[in-house]
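K.L.:
What follows is a structure written as structure tokens; I'll ask about it next.
The values are calculated or read from the model by the stated rules, or taken from the named source; none is laboratory data. Worth saying up front: this structure is predicted, and the values here are computed from it rather than measured. Note that each Cβ is placed from the backbone with ideal geometry, even for glycine, and that neighbours are counted across all protein chains shown. For the accessible areas, the whole protein counts, side chains as well, though only heavy atoms, and no ligand, DNA or RNA atoms are used. Shrake-Rupley method; radii C 1.70, N 1.55, O 1.52, S 1.80 Å.
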Amino acid sequence: MIGPKAIIHIDRLLSNYDRLKSHLNQKRIMAVVKADAYGHGSVQCARALENHGCDSFAVFSFSEALELRHGGVVSDILIFSKTQQEYIEPALQNNLTLNASSLSDIAILDSYKLSNGSIPNFHVKFDTGMTRLGISSKDAATAFENIKKNIEAECKGLYSHYATADEGDLSFANHQLSIFNEVTEIAVNKGVSFDTIHFSNSGATINLNQSKFDQVRIGMLLYGAFPSNEVSKNLSIEPVMEYVASLVEVRRVKMDTPVSYGGVYKTPNDCTIGVVQCGFADGIPREWYDQGFVGYKGKTYKIAGRICMDQFMVNFEDDCPKIGDEVLLFGKNESGEISMENIADTLNSTPYVIATGIKGRTQKEFKY
Ligand SMILES: Cc1ncc(COP(=O)(O)O)c(C=O)c1O
């Protein structure tokens, strides 16, 4: 196999989970495995976490939830996406938990139960400042009154989502928290109770101690990356994905040799140029070429010239790697460590974009 490989270290995923559990005093973790577990393989990650003791999962789409169920995951699975009428029947059949994020979602569930006698479990979501999905807090009393009438038994959870929990300035996150606290009080006044209340994502798990309620929804930290540079990194997690690709050509060139499209890069000295079989079509960000580097046998080497669709070149200076050798694009192995966060920072992007961008001809390999 000469193309790009995402080696998924399941052992690191499980140890990240353990470290988070101990950081959270054993609080329940809802593992967020949407978008193929941020590119890490949702069924493999969820099954490993489930065997390790995690009993709560979240995905975005209905099909992602079915994939987990069909893949053997038996625990709770919450679907974040906007609920559609056609989800109700298969959600019941597959014991999937829906998201009620508007008064009309509540009305749809209510009328389905009146006509059919049962509905799937659901969590009710409030918008506290993300301005995405969620019932407005001013409609909280109406929402809880409508739930109370007929569908309280299936309303298992109450939640919201932070917009800025991984930022240095937490004033807006605290504002969201105070709105959410008001919503929870309205629920109490209306006599609606929940099995679970959750608000925190990775950023809030680190930054907002008081908002963890009885479980937290964690994605990025489980995969071993910090959500931003503005959170404390005082948590010893390890990158789960090791992204590598092979050298398929190696040649010596003279100083001033142009490399790749546009000839924007010219070799500063006589050097060895290696061709790596991985391109932007596989998810390595094209903009990374300018300041980017790869790891090889404990050293880093500069990317030489623009990243192409399927391949890119590296300046190995006077070293002589062999055709077939693998270079580290990011993650951690015996060649060293290149963090997704570092690439994301350089590109003014986020590790979420880098991780979920891995695609194309990339093969996944799981290490247990
Ligand atoms: C609703 C919701 N909760 C939790 C998460 C997990 O966020 P993180 O990966 O920052 O932990 C996400 C991810 O975007 C989300 O959309």
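K.L.:
Show me the strands (runs of 3 or more DSSP E) found entirely inside the stretch 131-225 where at least 3 residues are modelled with pLDDT of 95 or more and either open to solvent by 10 Å² or more (accessible area, probe 1.4 Å) or within 11 Å of the ligand (Cβ to nearest atom) (or both).
P.N.:
In the stretch 131-225, the matching strands (runs of 3 or more DSSP E) lie at 215-218.
K.L.:
Of everything in the stretch 98-119, what is buried (at least 22 other Cβ atoms within 10 Å of the Cβ) and not small (Gly, Ala, Ser)? Give them in sequence order.
P.N.:
Leu98, Asn99, Asp105, Ile106, Leu109, Ile119
K.L.:
Only residues that are among the small types (Gly, Ala, Ser) and closer than 30 Å to Ile29 by Cβ: list them for the stretch 103-162, please.
P.N.:
Ser118, Gly129, Gly134, Ser136, Ser137, Ala140, Ala143, Ala153, Gly157, Ser160
K.L.:
With Ser335, Ser339 as the choices, which residue is open to solvent by 10 Å² or more (accessible area, probe 1.4 Å), of a type in the set (Gly, Ala, Ser) and in contact with a Pro (Cβ under 8 Å, 6 or more places away or on another chain)?
P.N.:
From the options Ser335, Ser339, the qualifying one is Ser339.
K.L.:
Going by the structure shown, is Ser178 more than 24 Å from the chain's Cα centre (by Cα), without any contact (Cβ under 8 Å) to a residue 24 or more places away in the chain and within 18 Å of Lys212 (Cβ to Cβ)?
P.N.:
In short, yes.
K.L.:
Turning to a different aspect of this structure: Looking only at the stretch 328-352, how many residues end up being out of contact with any Lys or Arg (no Cβ under 9 Å at 6 or more places or on another chain) and away from the ligand (no atom under 16 Å from the Cβ)?
P.N.:
12
K.L.:
Answer yes or no as to whether Ser236 is within 16 Å of the ligand (Cβ to nearest atom) and either of a type in the set (S, T, N, Q) or touching a Cys at 6+ places or on another chain (Cβ under 6 Å) (or both).
P.N.:
no
Residues checked against (1) more than 28 Å from the chain's Cα centre (by Cα); (2) among the aromatic types (Phe, Trp, Tyr):
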site	(1), (2)
Phe213	no, yes
Ile237	no, no
Glu249	yes, no
Thr257	yes, no
Asn269	yes, no
Pro285	no, no
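K.L.:
Quick one: is Ser42 within 16 Å of the ligand (Cβ to nearest atom) and farther than 24 Å from Cys155 by Cα?
P.N.:
It is true that Ser42 is within 16 Å of the ligand (Cβ to nearest atom) and farther than 24 Å from Cys155 by Cα.
K.L.:
Before we move on, is Gly3 of a type outside the set (Asp, Glu) and modelled with pLDDT of 95 or more?
P.N.:
It is false that Gly3 is of a type outside the set (Asp, Glu) and modelled with pLDDT of 95 or more.
K.L.:
Check every one of the strands (runs of 3 or more DSSP E) wholly within the stretch 265-357 and list those with 2 or more residues that are under 26 Å from Ile237 (Cβ atoms), modelled with pLDDT of 95 or more and of a type outside the set (Ser, Thr, Tyr).
P.N.:
In the stretch 265-357, 293-296, 326-333, 336-338 are the strands (runs of 3 or more DSSP E) which contain 2 or more residues that are under 26 Å from Ile237 (Cβ atoms), modelled with pLDDT of 95 or more and of a type outside the set (Ser, Thr, Tyr).
K.L.:
Could you list all residues from the stretch 56-83 that are in contact with a strand residue (DSSP E or B) (Cβ under 9 Å, 6 or more places away or on another chain), away from the ligand (no atom under 16 Å from the Cβ) and of a type outside the set (A, V, I, L, M)?
P.N.:
Result: Glu67, Arg69, Ser75.
K.L.:
Let me ask something else. Does the stretch 151-171 include one or more residues that are free of Cβ contacts under 8 Å to residues at least 40 places away in the same chain and among the β-branched types (Val, Ile, Thr)?
P.N.:
Within the stretch 151-171, one or more residues are free of Cβ contacts under 8 Å to residues at least 40 places away in the same chain and among the β-branched types (Val, Ile, Thr).
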